[in-house]
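Read through the structure below, which is laid out as structure tokens, and then see the notes.
Please treat every number below as a calculation from the coordinates, not as lab data. No experiment lies behind these values; they were computed from the predicted model shown. Every residue, glycine among them, receives a Cβ derived from its backbone with ideal geometry; neighbour counts consider all protein chains shown.
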Amino acid sequence: MRNFLLAVVYLLVVVPAGFVARLVRDPLDRAVRPEQDSYWHYTPVGRAAVTGSVTR
Amino acid sequence: MTDLVLGISAYYHDSAAALVDGGRPIAAAQEERFTRRRHDRSFPARAVQYCLRAAGVTLDDVTAVAYYEDASLKFRRVLATYLGAVPRGRQSFQATLPPWLSWKLRTPRQVERELAALGLGTVPPISVRKHHESHAASAFFPSPYESAAVLCIDGVGEWATTTLWHGRGDRLDQLAELRFPHSLGLLYSAFTYFCGFKVDSGEYKLMGLAPYGRPRFADRIREKLIDLKPDGTFKLDMRYFEYHRGQVMTGRGFERLFDGPRRSPEGALTEREFDLAASVQQVTEEVMLRLAATARELTGERRLCLAGGVALNCVGNGKLAEAGVFDEIWIQPAAGDAGGALGAALAVTAERGARREHLATGRDAMAGSLLGPAYSDAEIGAYLDGHAIPYRRMERDELSRTVAEKLADGAIVGWHQGRMEFGPRALGARSILGDPRNPDMQSTMNLKIKFRESFRPFAPAVLAEHAKDYFEINQESPYMLLVAGVADQHRLEVRSGGERTGLDLLKVRRSTIPAVTHVDHSARVQTVGPDVNPAFHALLGAFKEHTGCPVLVNTSFNVRGEPIVNTPAEAYTCFMRTNVDYLVIGSFLLDKAEQPPWTADDNWRTEIPLD
Ligand SMILES: [Fe+2]
């Protein structure tokens, strides 16, 4: 029963949402980009995850 | 005690707990060593209990719990992956969504509940860290470097699969990242799976296979699977992979590209698997080298710290060291996700302003990674006497000398000393040792002790002061995570008796220490200094004195498929089940010939799952 419901949700919600999402922007960013020279996502300055003590 | 933080990694692969005191690791262990289930992913209850016991504290004394990844961010990635994979991926959706909704999404609550259930005091607040933040913190904060570039490369945590950081003093800043599904770790795992090994643990075998093959598929990988930029960043062509839409790594596209279906797990290894291993290894090294060059350029640093599962690729690390992109490399010994427990805790203490006081010593803060349980001579003696096990008790000098002589006579020795290692490698605390000069030692140890494939190489432990005489290495390698060539003066001329390929290559004696010399004249070196494991250092010294050779074969104290032993009882069981000749536990020497017959279990080998 649960699997049936999940299958329905998948077909009626996930599949259409997935196709729409990919029209806007691929959630997995799969396209190869020959024009770019790097695939880095740079971290904005000041958004460092571990800051530690700043006084040095 | 200043500021105790308990780190936890769990629920994916190789759960672990670590306790950090004001930025200094004081205890850490993987759950598998206690539950005896390899790569145990369950909540690390026993490891937590151990860490608290080791420090003599309860949860009331701990100021924070650090969890190594962000479940809600990871769930968003899982959702995005469902969307990105449509219309394929229904089965994956049905299998993975329910556990996410029922508990995984509330992982911090789950951790809190499990900790409370231990009955060891009030659970302090839980700080959720990011997966790669945990890796990066584990790589930089305990390193011996004042400042360094930090690279973390793994399969995937939340979104990040590769991250670049800049560590300076007590600060660690992220500079850039690559995101799922574009992952070097998952590329390597895809080949691991395709070659019939287990994902998340068979990668090490694939790396061991690589030198037997020719990289004839490397160009195909570069052409079809990976779009690699000059700076080492990349995208994978997801049409060839299945891990983003299903429960397997590769599918038909991969089979067409690499000449047929994947090898079945216990099927015969053919030329193709050797060549696939050599090929993906070559591409992996190329990516690592380019990323390292970029790290150097973007940070201006001369030292590099590494963590993440790919940093366990000691062959790749060796190539990095050899290329000289950085002056020196330090690799977190628990580079996989177990080390995330330690890193998460270190991220919290760093945020609170902990100083890296170990920098003044010039050494790292890992204490040789000997952060696990230890057993006193009183405890060991009580165990041996309680079971009427015959032994001889000796002082360290006599013990080292006696064991060195036995080793030189061809004996294989189980070696159980002091605190257990944290991380996947045995480093001379829970090791099986042998004479590396003996040409039969590799196959004897593989087949009679470990009951595993004969191609798998063994690692040398070498006195640090003699490392350069035996290996082409120009830095320390205390954690067996750098591969280096055997030095020229110890290589032997190989007589060309026709073209040997594949496993036939094994039979050739290549150096004065053949048991640890791989087919390409390389070795996974562990350098042993006098500080962190004095008993092991003394043994190597005694072996050098007796034979002139400062090297021993060092392999983990376990059999295939079983976690490394922890307690004296586990060491004794492993000793009795295998063809190990002598066992040393603390100050006690046990001779197999004097032991009562072992009748405890005849069918143990069917109980241990294959790895
Ligand atoms: Fe990881």
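Listing for the model above:
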{"read-out": "Over 20 Å (Cα to Cα) - which of B:Lys406/B:Lys448; B:Lys319/B:Lys468; B:Lys74/B:Lys198; B:Lys406/B:Lys468; B:Lys130/B:Lys198; B:Lys448/B:Lys468 fall in this group", "value": "B:Lys74/B:Lys198; B:Lys406/B:Lys468; B:Lys130/B:Lys198; B:Lys448/B:Lys468"}
{"read-out": "Centre separation in Å (Cα based) which lies between the stretch B:185-263 and the stretch B:19-95", "value": "27"}
{"read-out": "Diffusion constant of the stretch B:179-329 at 10 °C, which comes from Stokes-Einstein with the Kirkwood Cα-pair radius and 1.306 mPa s, µm²/s", "value": "101"}
{"read-out": "Shape of chain B, Cα gyration tensor, a/c cut at 1.5", "value": "rounded"}
{"read-out": "Sequence-distant residues sharing a close amide H with B:Met480 (under 5 Å, placed H)", "value": "B:Thr527"}
{"read-out": "Vicinal HN-Hα couplings computed from phi for the stretch B:21-30 (Karplus, 6.51 cos²θ - 1.76 cosθ + 1.60; Hz; Gly/Pro x)", "value": "10, x, x, 10, x, 10, 7, 6, 7, 8"}
{"read-out": "Other-chain or far-sequence residues with amide H under 5 Å of B:Gly213's (modelled H)", "value": "B:Ala278"}
{"read-out": "B:Arg109 paired with B:Ser147, simple spin-label distance in nm, labels 7 Å along Cα-to-beta-carbon", "value": "4.5"}
{"read-out": "Debye log10 I(q)/I(0) for the protein assembly as shown, one point scatterer per Cα, at q = 0.05, 0.06, 0.09 Å⁻¹", "value": "-0.22, -0.32, -0.76"}
{"read-out": "Inter-label distance for B:Glu357 and B:Arg37, nm, one decimal - labels placed 7 Å from Cα along Cα-to-Cβ", "value": "3.9"}
{"read-out": "Chain B - percent relative contact order, Cα under 8 Å, separation 6 or more", "value": "16"}
{"read-out": "Residues of the stretch B:63-82 with amide N under 20 Å of the 7 Å Cα→Cβ point at B:Ser102", "value": "B:71-72, B:75-76, B:78-79"}
{"read-out": "The stretch B:268-315 and the stretch B:107-175: distance between their alpha carbon centers, rounded to Å", "value": "22"}
{"read-out": "Stretch gain in nm, segment B:Arg76-B:Glu297, where the contour uses 0.36 nm per residue and the Cα spacing is subtracted", "value": "76.3 nm"}
{"read-out": "Expected 222 nm ellipticity per residue - DSSP helices of 4 or more, -39500 (n - 2.57), all of the protein assembly as shown, to 500", "value": "-9500 deg cm²/dmol"}
{"read-out": "Residues B:His546 and B:Glu223, FRET efficiency given R0 of 45 Å [Cβ-Cβ distance, rounded to 0.05]", "value": "0.25"}
{"read-out": "B:Arg216-B:Ala388 pseudo-label distance in nm [points 7 Å out on the Cα-to-Cβ vector]", "value": "6.2"}
{"read-out": "Low-density loop cleavage sites - trypsin sites (Lys or Arg not before Pro) in the stretch A:1-49, where at most 14 other Cβ are within 10 Å (DSSP)", "value": "A:Arg25, A:Arg47"}
